[in-house]
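**Q** Next up is a structure, given as structure tokens.
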Amino acid sequence: MSKDQQDREPTLPKRGVRRWWAIWRRPSARFSLGGLLVIGVAVGIVLWGGFHTVVEATNTETFCVSCHEMGDNVYPEYKMTGHYANRTGVRATCSDCHVPDSWGAKIMRKIVASRELWHTAMGSIDTPEKFEAKRLELAQRVWDTMERTDSRECRNCHDFGYMDYMDQSDRALRRHQQAEAQGETCIDCHKGIAHRLPDMTGLDPSQAPGGLEADG
């Protein structure tokens, strides 16, 4: 290695640092790269905050019953159940039962739910008669989802491990212990808890609700 090369060797790292620093500070039209990055981060935070706010707003009970299909049909039924009003004052709202807590699953649920806008526009269930005609189909769709997810949303509040069996009725104690032992899930029995059951005439008996009653 020549003397000139040896003299230049120590300056290479410094040149590299200066080069990247120059790129960082180099103006692009009006702003440096660093300024553009800061602006990008700020805009990203605002957009993310706005998106999160919208998602959470769609989880409110007020939003869920704002369309008359829900407000005129299932909401009055829900108000008559222990999930709406009970001796403990703990209410399970629409999103508690129908929207997952985890972010990924929640977004997927929102995407799936967006098809409701299409049916609202088409008037698929815009009268009580149309709603009743589809009640079994709509209910079965929810039951299938809960079966597939092991009643994930139910377990936000209810869990076999937290139950005080000695404080339950003999029937509830027996059925809950049996369900836990056999790996059953909440929706296997609790199909008519928050909404009126559809007409089950002609339904496969294996799909009919086994039905413990909610005691509030």
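The values are calculated or read from the model by the stated rules, or taken from the named source; none is laboratory data. Please read these numbers as outputs of a predicted model, since none were measured by experiment. Glycine gets a Cβ as well: all are built from the backbone with ideal geometry, and neighbour counts include every protein chain shown.
**Q** Condition check: surrounded by 12 or more Cβ atoms within 10 Å (Cβ to Cβ) and over 14 Å from CYS157 (Cβ atoms). Does THR62 satisfy that?
**A** Values: surrounded by 12 or more Cβ atoms within 10 Å (Cβ to Cβ): no; over 14 Å from CYS157 (Cβ atoms): yes.
Considered against the rule, which asks whether it is surrounded by 12 or more Cβ atoms within 10 Å (Cβ to Cβ) and over 14 Å from CYS157 (Cβ atoms), THR62 comes out as no.
**Q** Follow-up. Take residues that are at pLDDT below 75 and tell me which of the helices (runs of 4 or more DSSP H) falling wholly in region 1-66 contain 2 or more.
**A** Because the criterion is at least 2 residues that are at pLDDT below 75, the helices (runs of 4 or more DSSP H) in region 1-66 that meet it are 3-8, 11-25, 33-57.
**Q** Right, here's the next one. Within region 59-73, can you find the residues that are β-branched (Val, Ile, Thr) and within 14 Å of THR120 (Cα to Cα)?
**A** Let us first name the residues in region 59-73 that are β-branched (Val, Ile, Thr), namely 60, 62, 65.
Correct list: VAL65 only.
**Q** Now a separate question. Does any residue of region 94-102 turn out to be free of Cβ contacts under 8 Å to residues at least 12 places away in the same chain, assigned to a loop (DSSP other than H, G, I, E, B), under 22 Å from the mean Cα position of the chain (by Cα) and assigned by TED's automatic domain parsing to the domain that holds GLU147? I'd like the intermediate steps shown before the answer.
**A** Of region 94-102, the ones free of Cβ contacts under 8 Å to residues at least 12 places away in the same chain are 102.
Imposing the further condition that a residue be assigned to a loop (DSSP other than H, G, I, E, B) reduces the set to 102.
Still in the list and also under 22 Å from the mean Cα position of the chain (by Cα): 102.
Restricting the remaining residues to those that are assigned by TED's automatic domain parsing to the domain that holds GLU147 gives 102.
Checking region 94-102: at least one residue is free of Cβ contacts under 8 Å to residues at least 12 places away in the same chain, assigned to a loop (DSSP other than H, G, I, E, B), under 22 Å from the mean Cα position of the chain (by Cα) and assigned by TED's automatic domain parsing to the domain that holds GLU147.
**Q** If the requirement is being within 12 Å of the chain's Cα centre (by Cα) and in a helix (DSSP H, G or I), which of these qualifies: LYS134, LYS110, LYS130?
**A** Working: LYS134 fails: within 12 Å of the chain's Cα centre (by Cα); LYS130 fails: within 12 Å of the chain's Cα centre (by Cα).
Matching residue, one of LYS134, LYS110, LYS130: LYS110.
**Q** Further, regarding this structure: Restricting attention to region 173-206, which residues are surrounded by fewer than 13 Cβ atoms within 10 Å (Cβ to Cβ) and modelled with pLDDT under 90?
**A** Those that are surrounded by fewer than 13 Cβ atoms within 10 Å (Cβ to Cβ) and modelled with pLDDT under 90: ASP199, THR201, GLY202, ASP204, PRO205, SER206.
**Q** Within region 125-145, does at least one residue satisfy the condition of being among the aliphatic types (A, V, I, L, M), more than 23 Å from HIS68 (Cα to Cα) and at pLDDT 90 or above?
**A** Start the filter on region 125-145 by keeping residues that are among the aliphatic types (A, V, I, L, M), which leaves 125, 133, 136, 138-139, 142.
If we keep only those that are more than 23 Å from HIS68 (Cα to Cα) as well, we get none.
Checked against the condition, which is being among the aliphatic types (A, V, I, L, M), more than 23 Å from HIS68 (Cα to Cα) and at pLDDT 90 or above, region 125-145 yields no hits at all.
**Q** Quick check, is SER124 more than 22 Å from THR81 (Cα to Cα) and either among the polar types (S, T, N, Q) or not assigned by TED's automatic domain parsing to the domain that holds ARG91 (or both)?
**A** Spelling it out, SER124 is indeed more than 22 Å from THR81 (Cα to Cα) and either among the polar types (S, T, N, Q) or not assigned by TED's automatic domain parsing to the domain that holds ARG91 (or both).
Here is a yes/no grid of residues against (1) of a type in the set (S, T, N, Q); (2) more than 22 Å from LYS191 (Cα to Cα):
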| site | (1), (2) |
| --- | --- |
| PHE63 | no, yes |
| ASP72 | no, no |
| THR81 | yes, no |
| VAL90 | no, no |
| THR93 | yes, no |
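**Q** A further question follows. Out of all the residues in region 155-172, which are part of a helix (DSSP H, G or I) and either surrounded by fewer than 11 Cβ atoms within 10 Å (Cβ to Cβ) or at pLDDT 95 or above (or both)? Outline the logic, then answer.
**A** Let us first name the residues in region 155-172 that are part of a helix (DSSP H, G or I), namely 155-156, 160-162, 165-167, 170-172.
Within region 155-172, GLY161, TYR162, MET166, ASP167, ASP170, ARG171 qualify.
**Q** Look at ASP150 and say whether it is at pLDDT 90 or above, acidic (Asp, Glu), surrounded by 12 or more Cβ atoms within 10 Å (Cβ to Cβ) and not in a loop (DSSP other than H, G, I, E, B). Before the answer, list the steps.
**A** Numbers: at pLDDT 90 or above: yes; acidic (Asp, Glu): yes; surrounded by 12 or more Cβ atoms within 10 Å (Cβ to Cβ): yes; not in a loop (DSSP other than H, G, I, E, B): no.
When the stated conditions are applied, ASP150 does not pass them.
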